[in-house]
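**Q** First, the structure itself, so that you have it in front of you.
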Amino acid sequence: MFLAVITALAFIITFIVVGLVVVAAAFSGGRRESERPRGPSRRGRRGVAVAVGIVVLLLGILLPALVIAAARDTKKAPGGVKLTASDERGREIFAERCATCHTLAAANAVGKVGPNLDQLHPPKPLVLNAIQQGRARGQGQMPAQLVDGQDAQQVSDFVAKVAGRGS
């Protein structure tokens, strides 16, 4: 996140500087009538071309690359929790099967039917029990065995690890 903020500020500051240079050039007074207009020298044109090329390179390639690189860190959940491959799989399963009912910031879930897991902060055994038995003995809104086996373990590990960690 910090790198993205710095990148955005660098982008904005660059455009402010370019704008100020354009305004300064516009108000510089221009040429006098007594002076004979001269075209730019070959060396001057080459220098401008190189400077423009560098600016285009920086703005067109480097800045987007930095923004993309900063956004690629999907191995972290909210609160700076590092996720393993198993936790990532638990996040995916939670998103498929649980996110429509439950709220959990780490999965970008904002369901309103089931409890808010960020507020509840359930331990792994409680999550596993809820997955296996459902709630209200399976007669409630959460049926039993929504996921089973290794998938249930991964979901319960993920929820217990990230619930209540903030955004």
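**Q** Which whole-Hz couplings ³J(HN,Hα) result when phi for each residue of the range 51-67 is put into the Karplus expression 6.51 cos²θ - 1.76 cosθ + 1.60, θ = phi - 60°, listed in order with x for Gly and Pro?
**A** 4, 5, x, 5, 4, 4, 4, 5, 6, x, 10, 5, 4, x, 4, 5, 5
**Q** No solvent, one uniform scatterer per C-alpha: report log10 I(q)/I(0) for the range 76-162 via the Debye equation at q = 0.13, 0.18, 0.24 1/Å, two decimals.
**A** Ignoring solvent entirely, the Cα scatterers give -0.35, -0.68, -1.28.
**Q** Please list, in order along the range 153-164, the HN-Hα scalar couplings obtained from phi with the Karplus expression 6.51 cos²θ - 1.76 cosθ + 1.60 (θ = phi - 60°), rounded to whole Hz, x for Gly and Pro.
**A** Working through the residues one at a time gives 4, 5, 5, 5, 4, 4, 5, 5, 6, 10, 4, x Hz.
**Q** For Leu104, enumerate residues with amide H under 5 Å from its amide H, sequence gap 5+ or separate chain, H modeled in the peptide plane.
**A** Ala109, Val110, Gly111
**Q** What are the lysines whose alpha-carbon lies under 19 Å from the alpha-carbon of Lys82, with same-chain residues fewer than 8 places away excluded?
**A** Lys124, Lys161
Values in this text are rule-based calculations from the coordinates and carry no lab data. Please read all numbers here as calculations on a predicted model, not as lab measurements.
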